[in-house]
Amino acid sequence: MSDKLKPDWAGEDFISRFVNLMIQTKPVYRLMKHQARQVIINTAKKNGIDWQEICQNLEKSVTKGLLAEMTNPNITYPDYYLVPFHAYDEGNLCWQAALEAIPATQSLGIRVWKGEKLSWEVAQARLRSSFHQVLGRYSSPIVRDILDLGCSVGISTKELHRYYLKRQDPHPLQTRGLDLSPYMLAVAQVTDEKEEIAQWVHGLAEKTDFPDNSFDVITLQFVLHELPRHASLAIFTEVKRLLRPGGVFGMIDNNPRSKVIQNLPPALFMLMKSTEPWSDDYYTFNVEQSLIELGFDYQTTVESDPRHRTIVATKPL
């Protein structure tokens, strides 16, 4: 882990301001957005991930027919969610983003260990287990209810559910996934073939409809870097309300102190920033201090792989 708190290309540094200026130039932004997407697609192709087949199979399934069922008509989307990100003009509020989320996730997992020749399955297992192991150290022996916030198409949710179910077998477990995109939730629903997850919920992570003290474990997996700071703080406050006393709040996301991230070549960090509009907010955000100020018992921050960190806090008893 680097001694520097953040990459030079984030925040108010000269490099960061220059990159931001480039991104705000429309022709340059369009090129960068296209290139960012191609990097992920090319990684998939080189590693045996059939991007096109996965998307086509979902297209042929009943996924699109589930949109109305998954949509909460009372949702008002916050402004931060209506900006382009992840190389999609509509962000996560479109079918292209939802249909491509599975192969994109598989591809990005491989990029965590670029120096190793790993299958996407091995990379995903390593990525998820590193988070689960840290989270498990602070969880009670028996967990009854889990909430995965920003669950996307449900990959993180199902793996989290399986980890805890195996850990406490034969005790039952209810896991829910919440996301702001009904498109993503439609994919989550149709790919949850064994109906492992109790509920897929279309809702705001910062203002859910769940009662106080409802969950033993709540996670934010690869979500924080997609949020402005005010939204993150609102979500932390909601998590504290939702957790039972002693409950665990776990986050995994890009590590500002990762040497890999700090030393990304200019071409790559420019591509990253072009698809992540809240990068400066995230990489300069003192998450741990904010958790303490909001009344959590901060537990640990662990470099869980070369690119990511796991942060764990608990609700006081």
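The values are calculated or read from the model by the stated rules, or taken from the named source; none is laboratory data. Values in this document were obtained by computation on a predicted structure and should not be read as measured data. Note that we place each Cβ from the backbone using ideal geometry, even for glycine, and neighbour counts take in every protein chain shown. Accessible surface areas use protein heavy atoms only, side chains included; no ligands, DNA or RNA. Shrake-Rupley method; radii C 1.70, N 1.55, O 1.52, S 1.80 Å.
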For ARG167, indicate whether it is of a type in the set (Lys, Arg) and either at pLDDT below 95 or within 20 Å of the chain's Cα centre (by Cα) (or both).
no
In the stretch 148-175, the residues that are touching a strand residue (DSSP E or B) at 6+ places or on another chain (Cβ under 7 Å) and either open to solvent by 50 Å² or more (accessible area, probe 1.4 Å) or part of a helix (DSSP H, G or I) (or both)
SER156, THR157, LEU160, HIS161, TYR164, GLN174
Taking the stated definitions as given, is ASP209 touching a Gly at 6+ places or on another chain (Cβ under 9 Å), surrounded by 18 or more Cβ atoms within 10 Å (Cβ to Cβ) and within 23 Å of PHE296 (Cα to Cα)?
no
Consider PHE85 carefully, then state whether it is surrounded by 14 or more Cβ atoms within 10 Å (Cβ to Cβ), touching a Pro at 6+ places or on another chain (Cβ under 9 Å) and closer than 28 Å to LYS273 by Cα.
yes
Say we look at the stretch 88-128 and pick out the residues that are touching a residue at least 60 places away in the same chain (Cβ under 8 Å), within 28 Å of LEU67 (Cβ to Cβ) and more than 16 Å from the chain's Cα centre (by Cα); which of these is most open to solvent (accessible area, probe 1.4 Å)?
TRP120
Return the only residue of GLN24, GLN56 being farther than 27 Å from THR105 by Cβ and open to solvent by 50 Å² or more (accessible area, probe 1.4 Å).
GLN24
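Residues are listed down the side, and each one gets a yes or a no for (1) touching a Ser or Thr at 6+ places or on another chain (Cβ under 8 Å); (2) of a type in the set (Asp, Glu); (3) at pLDDT 95 or above; (4) part of a strand (DSSP E or B):
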| residue | (1), (2), (3), (4) |
| --- | --- |
| LEU233 | yes, no, yes, no |
| PHE236 | yes, no, yes, no |
| ARG244 | yes, no, yes, yes |
| GLY247 | yes, no, yes, yes |
| GLY250 | yes, no, yes, yes |
| PHE269 | no, no, no, no |
| MET272 | yes, no, no, no |
Just give me the residues in the stretch 255-287 being in contact with a Lys or Arg (Cβ under 7 Å, 6 or more places away or on another chain), crowded, with 19+ Cβ neighbours inside 10 Å and within 26 Å of VAL312 (Cα to Cα), in sequence order.
ASN255, PRO256, SER258, ILE261, GLN262, SER279, ASP281, TYR283, PHE285
Subset of the stretch 290-317 (residues that are touching a residue at least 60 places away in the same chain (Cβ under 8 Å), touching a helix residue (DSSP H, G or I) at 6+ places or on another chain (Cβ under 9 Å) and more than 26 Å from LEU108 (Cα to Cα))
LEU294, PHE296, GLN299, ALA313, LYS315
